[in-house]
1. Evaluate the Debye formula for the chain with equal point scatterers sitting on the alpha carbons, no solvent, and hand back log10 of I(q)/I(0) at q = 0.14, 0.18, 0.19 Å⁻¹, in q order, two decimals.
2. Per the helix-only calculation at 222 nm, which mean residue ellipticity applies to the chain, given -39500 (n - 2.57) for every DSSP H run of n ≥ 4 and division by its residues, nearest 500 deg cm²/dmol?
3. Does anyone have the angle between helix 2-28 and the longest principal axis of the chain? Alpha-carbon axes, 0 to 90°, nearest 10?
4. At 7 Å along the Cα-to-beta-carbon direction for both residue 99 and residue 25, put a label point, then send me their distance in nm to one decimal.
5. So what's the angle, to the nearest 10 degrees on a 0 to 90 scale, between helix 59-81 and the longest Cα principal axis of the chain?
6. Could you sort the peptides 37-44, 14-21, 3-10 by per-residue average Cβ neighbour count (10 Å cutoff), highest mean leading?
7. May I ask for the Kirkwood hydrodynamic radius of region 46-92, worked out over all distinct Cα pairs and given in angstroms to one decimal?
8. Enter the angle in degrees (range 0 to 90, nearest 10) between the Cα long axis of helix 88-106 and the first principal axis of the Cα atoms of the chain, meaning the one along which they spread out most.
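FYI, it's all coordinate maths here, none of it is from the lab. Note that the coordinates shown come from a computational prediction; the quantities given were computed from them, not determined experimentally. Every residue, glycine as well, gets a Cβ built from its backbone with ideal geometry; the counts of neighbours run over all protein chains shown.
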């Protein structure tokens, strides 16, 4: 149950951070306006808040593992939202990052 909860929290954090960054990008780079930027800033704040619910007590471990989730999630976002087509090296890199997440967060500890 703890691993499942952690994975759901990582997914929510990724959605908030990647979505927030995308909203800021749209507001600034695509000239959609300050409301998009403001929504992005709020979403980025939600990301920071969601991370506090992780069952792991060490912030550094959570953030390090989240880096791998962010990499893979960014590629998924690109495919779904921006119609980006990752190459085989993108996929391999994402898999390597997710293996790192599993090792950092879920490997047995003494």
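1. Log10 of I(q)/I(0), two decimals: -0.61, -0.92, -1.00.
2. On the way: 4 runs with 87 residues, N = 110.
Helices in the chain give a 222 nm mean residue ellipticity of -27500 deg cm²/dmol.
3. For helix 2-28, the angle is close to 20 degrees.
4. Between residue 99 and residue 25, the label points sit 2.7 nm apart.
5. Once rounded, one gets 50 degrees.
6. Working: 37-44: 16.5, 14-21: 20.0, 3-10: 14.9.
In descending order of packing, they fall as 14-21, 37-44, 3-10.
7. Numbers: mean 1/r = 0.0820 Å⁻¹.
Taking every pair of different Cα atoms in region 46-92, averaging 1/r and inverting gives 12.2 Å.
8. Between the helix axis and the principal axis of the chain, the angle is about 50 degrees.
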